[in-house]
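Below you'll find the structure, written out as structure tokens, and then a few comments.
The values are calculated or read from the model by the stated rules, or taken from the named source; none is laboratory data. None of the values given here were measured: they were computed from a predicted structure. Note that each Cβ is placed from the backbone with ideal geometry, even for glycine, and that neighbours are counted across all protein chains shown. All accessible areas refer to the heavy atoms of the entire protein, side chains included, with ligands and DNA or RNA removed. Shrake-Rupley method; radii C 1.70, N 1.55, O 1.52, S 1.80 Å.
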Amino acid sequence: PPWPAELDPEALETDEKQQQWVEEQEMRQKEPNSPSPTLSSAKQTLLDLVKNKTTGEGGRETTPTSSSASTTSSTSSPYTETNPAVLNEVRALHYSIARKELREIVLAFKQLRFLHALGKFQDVDVTTVSQMLSEWLSRAPISQERTDAEEMAVFFSTRRVSGPLNEAMKYHLMASNRLERIFGLWDMYHNWGTKPRYLVGKRTLEKDDRLLYVCAAAAIRNEFTWIYHAMGTSISVFDDWRLREFVYRTLVSHEPAVRQRFMDFMHDAMLARDVDLYFPLVARVNEASELGDHDSIKSLCTALLDGIERKLLFPSPAIEPKVPKSTWTPSIVDEGVWSLLMYGAVRCRKEGLAEWIMGEMKRIGIRPSIGTWNYLLMGVNKMGDRQKMKRVLDEMKEAGQAPDLRSQIIVMKFMFDQRLLREAGAIFRSIKESNAHRPRTDEENKLLLTAHNVVLNGLLRNRDLKAAAEVFEKMQQTGPAPDVVTFNTLLNRYAHKGERKLISETLRLMAKLGIQPDVYTFTILFVNACYEGDEEMKSKLVSQMGALDLKANKTLFSAAIRSIFTNGEGELGKPDTALMSGLQLLSGMERSGDKDLKPNAITYTTVLQGIRYRIEIGTTTFAAGHQLIEEVYSRMIDRGFRPNRVTLHVLIQHHLQSHTEQSLQKAMGMFEELCKEGVDNQKSWYVLLKGLEKRGSLSVAAEMIERLRRSSITPKGALLGVIERLSRMM
């Protein structure tokens, strides 16, 4: 810490003055009427430094100076905070920092490390010393002093200050040509044994190029194992922009083959690392699925296939390469990775993508598990193609894969959707027979209940009320016991048919059996009241929500609106009942005199998302949906609500679907509003660039990519994928 002016060591010019000052301070301590019987910590520290100036280098005390010190030394553990040796080194460290003596700082670091007291390095110490250390490591020649300083740079990296280590690696790459030392420094950092208490949680980090220097050294020596092993100890992600910028900055003097090898090594090492760790793949697939980015799913699959063909990755442990484990740990793209990709393809609703992935699995010799087959069945079920479903089932049979309970449920639901009641009934009988007289796990019991709910829903949708009543009766008698999903299924069908008596009976039975209603129960009843134009029923539902153990508030109503939009059925060319019901519920909230029921920004955003969803699934035309979005957004602004980030994302996506110049200007204006507020993030840029890609506005996309490059956002995941695709198109 900075010394008070009167205690500045440099102000004590001569040894005689220093000694005189020490004596004065000691006399003050002995005075009984002294207003301050003990020195402040800063004064005491400086007093000790001055007393010890002649006993060791840089204020470091080499021997105890009093009997009390000797006593403390003999009774203290070498690792306690009161150890005089530790305190002495801390004083020396602060003294050296104040005088900007790097050699003494490094010496104090070595001593504190020996004493297991590196925790004494405070954040302010690391920050203060890092710039000085970086400058020195950028030019200091090879020596023991440099080696010691590099060890301190490694320690700073464990404290998330990587500038000094970056400079050390850069020196060895560009000046000393000691490439092995670069990998050695990374290995030292990885094996440092950092404890969580040494890590700084929130700090503005400088650009960290450590892994890039390791890869550059690997590329020069053509040693892929260097970067492979180093990348396996990190979860960092590097986009092509940053890699190219690093190449131009550090490898421009090397041959083109080295520069290309650097790019290839980085891509291969990151891919192998993600396969080994698996969770980065899960994160990438989940992100792409949520955004509906099927191109990213396919790009990831293509990268895996390319890695397998080049023997970077291997499709199964059975064909694992015969190489020493000390130099190579094969990255196995097992069935679980492909199942994950199938899951992403199904969630993206991209026709044919799941089948293509399954075909590639077979081509490279991976035998799909039942889980992978089930994902494929789910994809075909969403497509509603009978021929494809038959083909997939035949392929399962040829592969010797028997369907499990989950497979049967998927196929049974498909049969009901296709109005093939006889085939669906046969599957249901098979399910009951195979699970009748054997012990079942909890998971199997849940699936069996799901199967009964699917059958009940299928029979009701196909207007076979008698069979549905029989299934429901048997569930009550012999199990599995009906749950809230069962009753919601019944209520939904009765509401569609306007069977008020059956609705009342079902609600009474729910209460009798102690089945707790949920928000979907309320949604079903409210939509039915909207459909019939029964204002009295809607008011009664709101007033009786207490009996349903649901508190009437804007959060519940927003959830109800979301449920109406996402679960409501509809058909293009016919009135969209779900859309009208959701808008009526919004109008009712706006007219309500209860402030807890008044809509907020989240409610309006939910409605905007719902309208976009109805456009996407084809129950509402784009023109009609566009008019509704403009109207709802205007109502939101008129009521004094500012659009949040999610609201603007929805509007940008919508406007970029239109090919008019006015819509493009609106979308860009909303994106500028995001940036002006400082709330733009990875998803904001993805929404914009993905929309420009679909729209074909490549010149605008190029300008925005260049702007993103100059920003503080580092592209990754789905955003990185869309940037790479746009770059290839430009």
As an exercise: evaluate Leu393 against (1) of a type outside the set (Ser, Thr, Tyr); (2) crowded, with 20+ Cβ neighbours inside 10 Å; (3) outside any loop (DSSP other than H, G, I, E, B) and give the number of the one condition it does not meet.
(2)
How many residues does the range 364-382 contain that are part of a helix (DSSP H, G or I) and open to solvent by less than 60 Å² (accessible area, probe 1.4 Å)?
10
Counting just the residues of the range 665-681 that are open to solvent by less than 50 Å² (accessible area, probe 1.4 Å) and part of a helix (DSSP H, G or I), which one comes out nearest to Arg645 (Cα to Cα)?
Leu674
Which of the residues that make up the range 469-491 are part of a helix (DSSP H, G or I) and either closer than 22 Å to Ser407 by Cα or open to solvent by 50 Å² or more (accessible area, probe 1.4 Å) (or both)?
Ala469, Glu470, Val471, Glu473, Lys474, Met475, Gln476, Gln477, Thr478, Val485, Thr486, Thr489
Condition check: out of contact with any Gly (no Cβ under 9 Å at 6 or more places or on another chain) and within 27 Å of Ala218 (Cβ to Cβ). Does Ser143 satisfy that?
yes
If only one of Thr620, Thr603 is open to solvent by less than 10 Å² (accessible area, probe 1.4 Å), under 17 Å from Phe565 (Cβ atoms) and in contact with a Lys or Arg (Cβ under 7 Å, 6 or more places away or on another chain), which one is it?
Thr603
Pick from the range 642-664 the residues that are β-branched (Val, Ile, Thr) and more than 11 Å from Val687 (Cα to Cα): which of them is surrounded by the fewest Cβ atoms within 10 Å (Cβ to Cβ)?
Thr660
Kindly indicate whether Met231 is more than 23 Å from Thr158 (Cβ to Cβ), buried (at least 16 other Cβ atoms within 10 Å of the Cβ) and in contact with a Leu (Cβ under 8 Å, 6 or more places away or on another chain).
no
Tally, over the range 587-597, of residues that are closer than 14 Å to Phe526 by Cβ and in a helix (DSSP H, G or I)
4
Considering only the range 106-128, state which residues are in a helix (DSSP H, G or I) and either charged (D, E, K, R) or touching a Phe, Trp or Tyr at 6+ places or on another chain (Cβ under 8 Å) (or both).
Phe109, Lys110, Leu112, Arg113, Leu118, Gly119, Lys120, Asp123, Asp125, Val126
Quickly run through the range 230-258 and pick out the residues that are part of a helix (DSSP H, G or I), touching a residue at least 40 places away in the same chain (Cβ under 8 Å) and out of contact with any Cys (no Cβ under 9 Å at 6 or more places or on another chain).
Asp240, Trp241, Arg242, Thr250
Using the structure shown, decide if Thr450 is open to solvent by less than 30 Å² (accessible area, probe 1.4 Å) and either over 37 Å from the mean Cα position of the chain (by Cα) or not hydrophobic (A, V, I, L, M, F, W, C) (or both).
no
Pairs, first over 17 Å from Asn644 (Cα atoms) and in a helix (DSSP H, G or I) in the range 598-615, second among the aromatic types (Phe, Trp, Tyr) and at pLDDT below 85, C-beta under 8 Å, six or more apart:
Ile611/Phe565; Tyr613/Phe565; Arg614/Phe565
Do we find that Leu656 is assigned to a helix (DSSP H, G or I) and touching a Ser or Thr at 6+ places or on another chain (Cβ under 8 Å) in this structure?
yes
Residue pairs meeting the criteria (Cβ under 7 Å; at least 6 apart or on separate chains; first in a helix (DSSP H, G or I), in the range 334-351; second at pLDDT 85 or above and acidic (Asp, Glu))
none
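Can Met174 be described as of a type in the set (A, V, I, L, M) and surrounded by fewer than 16 Cβ atoms within 10 Å (Cβ to Cβ)?
So Met174 fits the description; yes.
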Exclusive hit being hydroxyl-bearing (Ser, Thr, Tyr) and either surrounded by 18 or more Cβ atoms within 10 Å (Cβ to Cβ) or in contact with a strand residue (DSSP E or B) (Cβ under 9 Å, 6 or more places away or on another chain) (or both), set Thr147, Thr127, Thr158
Thr158
For the range 492-518 the number of residues that are surrounded by fewer than 21 Cβ atoms within 10 Å (Cβ to Cβ) and not in a helix (DSSP H, G or I) is 6
Just give me the residues in the range 92-101 being in a helix (DSSP H, G or I) and open to solvent by 20 Å² or more (accessible area, probe 1.4 Å), in sequence order.
His94, Tyr95, Ile97, Ala98, Arg99
Pairs please, first residue from the range 204-229 and farther than 14 Å from Val247 by Cα and part of a loop (DSSP other than H, G, I, E, B), second anywhere and at pLDDT 85 or above and of a type in the set (Ser, Thr, Tyr), Cβ atoms under 8 Å, 6+ apart in sequence or on different chains.
Leu205/Ser162; Glu206/Ser162; Asp208/Ser162
Meets criteria (in contact (Cβ under 8 Å) with a residue 40 or more places away in the chain and farther than 18 Å from Met188 by Cα) for Val129
no
Taking the conditions exactly as written (closer than 27 Å to Arg139 by Cβ and modelled with pLDDT of 80 or more), does Arg178 satisfy them or not?
yes
Being over 24 Å from Leu312 (Cα atoms) and open to solvent by less than 10 Å² (accessible area, probe 1.4 Å) is the filter here, so list the residues in the range 247-280 that pass it.
Thr250, Leu251
I'd like to verify a number: residues in the range 281-295 that are open to solvent by 20 Å² or more (accessible area, probe 1.4 Å) and in a helix (DSSP H, G or I), how many?
9
